[in-house]
Amino acid sequence: MEAGAELNRLRWRCTRRAMLEMDILLGSFLDKHYAGLTPEQAAVFVALADMEDLELWPLITGKRECENSVQAEVVTMLRNVKVK
Amino acid sequence: MSKITIPVRKFDAVIVGAGGAGLRAAIQLSEAGLKTAVLSKVFPTRSHTVAAQGGVSASLGNSEEDHWHWHMYDTVKGSDWLGDQDAIEYMCRKAPEAVVELEHFGMPFDRTDEGKIYQRPFGGHMSNFGEKPVRRACAAADRTGHAMLHALYQRNVRANTQFFVEWMALDLIRDAEGQVLGVIALEMETGDVVAFHAKATIFATGGAGRIYYSSTNAFINTGDGLGMAARAGIALEDMEFWQFHPTGVAGAGVLITEGVRGEGGILRNSDNERFMERYAPNAKDLASRDVVSRAMVTEINEGRGCGPHKDFVLLDITHLDPATIMKRLPGIREISIQFAGIDPIKAPIPVVPTCHYQMGGIPTNYHGQAVNPDGSTVKGFYAAGECACASVHGANRLGTNSLLDLLVFGKSSGDSVVEAIKADPKDLKELPADFAERTLARLNRLNTQKGGASVNETRLEMQRTMQKHCGVFRFKDMLVEGVSKICDIEKAVHLTEIGDKSQTWNTARVEALELDNLIEVAKSTMVSAEARKESRGAHVRDDAPDTAANPNGRDDEIWLKHSLWHREGNRLSYKPVNLKPLSVETIALKTRAY
């Protein structure tokens, strides 16, 4: 798949989710930070976007611990993304 | 000119939407051995049903005495008597069975010590015809919708339902006699346009809350089923009725629960005044949802809103002990920090009344069959869940009846399809020669449009117009102006231009197609609201106030009827409310007071 199409697919999966909170958060992150991620971070973000909302939210709010340091980096960036 | 053809796939039945209603319907079809296709814009367990956290109501009577007739009374009263009493009786009688079935599908309901399904109290749930609160809501912690979707999805996997994930349905296929013969859909991954030719089509496409600027609905709720139905000449029922929640985060729409005011949260205007003292001297900030919402809108309209555009008010908990906030409202603090950029321990949260649930939709009977304005059924077409109007919610939905609606009518629509196919096992009726023409013309227009409007800007203009002119509190002049504005915006929608013309994963195209659906919902809402010159349930007009002759502004003499909006001619007709239940006496008209 071409890079543009792949990014669009990721955009769809970030902004057509079960819960509004996650549409906003992942969509904003994609616009503001995705392009600047390392390949390793980008892969982690794609995996996070594949999670269900009720699994992802506890990671973002710190109720659940991250699996590794790269995931923790990306989750911290997600937590701090400005949505306004 | 030769006809352009598209690939055709044949099924017994096609379901559009894989939230609770679509999945529940699919179980009936697949378990009956019908070849069933379910189309969804997203993976089924990512449907917006997940956001329903409160529970599902059923008069199981596990904790104390309860009866479906009491549940029926609460639902009729909640609907402000606009709900059809046959459908309401059907739903409330079927509720215990629907919940027990779900339990057998593996739904992890909370339980009592004895192992029964635990039931908790919920606003508006009463015993003995409105006498005192009763515990009727069944829940799986605060993940009821999520758990329900998973249970229903697993059951479908077992029944071999065929899912088409990340497909968007574009249009209904109807022949000259009005029979529905399937849908045309777009596969996002390839850009392929394919006809799903079927004996029966069930819409379970959910709500369209994204017509409003401030909405608790996820981005997926673009009213695709309503847009498709309207374009196919099916009238939309009671579209003026939308439930609003008083406190959504301004700008984002994310919900701030009523619990915040329960813990002592205070609403303030730009003068830092606790304005609810003027509107509800006793209950103040704890007045009912509609009273609080109207007060907030009045403050904003009279220039006492906050922020640079004076378009929100503030929900203040800074006077509470930070330890209380951390202990009792941790989730709200997280949401406020994340979506308002404000720590509510230090500063108040900007909030506005926010669209939450659509009561109207595709007119159906309690069998889930779509009905024409004359009461006859639309052959081959069914609908269930938020996109349908059975009508059980009437002018206002009772809490926890949304999950019940999708279980009961998802199943009944599925059963109706199974019966219809059994009764008439003939081959598929032939597709009309020009069945794909209108859809392909729409796609072609979008691909070739030059100098048109931006999809994002046009959608935003529609959302702001709906919020300002047709929000939680409605004003005659604003509605009249709103009708003309939304018709102007519609012209721009028909001229949207997209930069990306690619086939694979063209999300710009999909968003433009979603906007085609949203605008139909917006128009039907504005036009129906402008015409209904009374206040009833969630539709509250400034020029229809509470009087002795018309308590709460409700005018049964003229307006005890369902609105039907017809896309052709942008006009309305009306049909009577069915006040006759199936087996019990009519629940007589009364003033709705809590």
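The values are calculated or read from the model by the stated rules, or taken from the named source; none is laboratory data. Just so you know, these numbers come straight off a predicted model, no measurement behind them. All Cβ positions, glycine included, derive from the backbone under ideal geometry; neighbour counts span all protein chains shown. These area figures cover heavy atoms from the full protein model, side chains too; ligands, DNA and RNA do not enter into them. Shrake-Rupley method; radii C 1.70, N 1.55, O 1.52, S 1.80 Å.
Side notes on the structure shown:
- Residues in segment B:229-249 that are part of a strand (DSSP E or B) and open to solvent by 10 Å² or more (accessible area, probe 1.4 Å): B:Q243, B:F244.
- Set B:D543, B:D488, B:D516: member being in contact with a Lys or Arg (Cβ under 6 Å, 6 or more places away or on another chain), open to solvent by 10 Å² or more (accessible area, probe 1.4 Å), over 30 Å from B:H69 (Cβ atoms) and among the acidic types (D, E): B:D543
- Only one of B:A140, B:A176, B:A218 that is open to solvent by 30 Å² or more (accessible area, probe 1.4 Å) and assigned to a loop (DSSP other than H, G, I, E, B): B:A176
- Segment B:398-407, subset out of contact with any Phe, Trp or Tyr (no Cβ under 7 Å at 6 or more places or on another chain) and assigned to a helix (DSSP H, G or I), residue surrounded by the fewest Cβ atoms within 10 Å (Cβ to Cβ): B:D405
- Hey, A:V74 within 10 Å of the chain's Cα centre (by Cα), open to solvent by 20 Å² or more (accessible area, probe 1.4 Å) and more than 8 Å from every other protein chain (Cβ to nearest Cβ) or not: no
- Exactly one residue among B:I362, B:I332, B:I325 is aliphatic (A, V, I, L, M) and under 25 Å from B:A208 (Cβ atoms), and that residue is B:I362.
- Evaluation of B:E65 against the conditions (1) part of a loop (DSSP other than H, G, I, E, B); (2) surrounded by 20 or more Cβ atoms within 10 Å (Cβ to Cβ); (3) away from chain A (no Cβ under 14 Å) shows that the sole unmet condition is (2).
- Total residues in segment B:312-359, condition more than 10 Å from chain A (Cβ to nearest Cβ) and part of a helix (DSSP H, G or I): 9
- When B:G251 is tested against (1) under 18 Å from the mean Cα position of the chain (by Cα); (2) within 30 Å of B:C306 (Cα to Cα); (3) within 14 Å of chain A (Cβ to nearest Cβ), only condition (1) is not met.
- Test: B:S40 is crowded, with 24+ Cβ neighbours inside 10 Å, within 14 Å of chain A (Cβ to nearest Cβ), touching a Lys or Arg at 6+ places or on another chain (Cβ under 9 Å) and among the hydroxyl-bearing types (S, T, Y): yes
- Within segment B:179-213, considering residues that are among the β-branched types (V, I, T) and buried (at least 23 other Cβ atoms within 10 Å of the Cβ), the one nearest to B:K429 (Cα to Cα): B:V180
- Unique residue being buried (at least 24 other Cβ atoms within 10 Å of the Cβ), touching a strand residue (DSSP E or B) at 6+ places or on another chain (Cβ under 8 Å) and modelled with pLDDT of 95 or more when the list is B:A395, B:A420: B:A395
- Filter result for B:R93 (out of contact with any strand residue (DSSP E or B) (no Cβ under 8 Å at 6 or more places or on another chain), part of a helix (DSSP H, G or I), charged (D, E, K, R) and closer than 23 Å to B:D224 by Cβ): no
- Exactly one residue out of B:A159, B:A169, B:A151, B:A140 is away from every other protein chain (no Cβ under 12 Å) and out of contact with any Ser or Thr (no Cβ under 9 Å at 6 or more places or on another chain): that is B:A151.
- Residue in segment B:432-442 that is buried (at least 21 other Cβ atoms within 10 Å of the Cβ), in contact (Cβ under 8 Å) with a residue 12 or more places away in the chain, assigned to a loop (DSSP other than H, G, I, E, B) and not aromatic (F, W, Y) present: yes
- Condition check for B:A593: open to solvent by 40 Å² or more (accessible area, probe 1.4 Å), modelled with pLDDT of 95 or more and in a loop (DSSP other than H, G, I, E, B): no
- All told, B:E299 falls short of being closer than 26 Å to B:R210 by Cβ, part of a helix (DSSP H, G or I), of a type in the set (D, E) and within 14 Å of chain A (Cβ to nearest Cβ).
- Any chance A:M1 is facing chain B (nearest Cβ under 10 Å) and surrounded by 20 or more Cβ atoms within 10 Å (Cβ to Cβ): no
- Odd one out for B:N456 among (1) away from every other protein chain (no Cβ under 14 Å); (2) under 23 Å from B:G248 (Cβ atoms); (3) at pLDDT 95 or above; (4) surrounded by fewer than 20 Cβ atoms within 10 Å (Cβ to Cβ): (1)
- Hits in segment B:552-585 - residues which are surrounded by fewer than 12 Cβ atoms within 10 Å (Cβ to Cβ) and under 26 Å from B:Y366 (Cβ atoms): B:P576, B:S583, B:E585
- Here is the figure for segment B:286-304: residues that are more than 27 Å from the chain's Cα centre (by Cα), under 23 Å from B:S535 (Cβ atoms) and open to solvent by less than 40 Å² (accessible area, probe 1.4 Å) total 1.
- Residue match in segment B:121-137 (condition: in contact with a Pro (Cβ under 6 Å, 6 or more places away or on another chain) and open to solvent by less than 10 Å² (accessible area, probe 1.4 Å)): no
- Of the numbered criteria (1) closer than 23 Å to B:A21 by Cα; (2) modelled with pLDDT of 95 or more; (3) over 21 Å from the mean Cα position of the chain (by Cα), the one B:A140 fails is (2).
Residues checked against (1) in a helix (DSSP H, G or I); (2) within 14 Å of chain A (Cβ to nearest Cβ); (3) more than 19 Å from B:N570 (Cβ to Cβ):
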{"position": "B:V472", "(1), (2), (3)": "no, no, yes"}
{"position": "B:V483", "(1), (2), (3)": "yes, no, no"}
{"position": "B:W505", "(1), (2), (3)": "no, yes, yes"}
{"position": "B:L513", "(1), (2), (3)": "yes, yes, yes"}
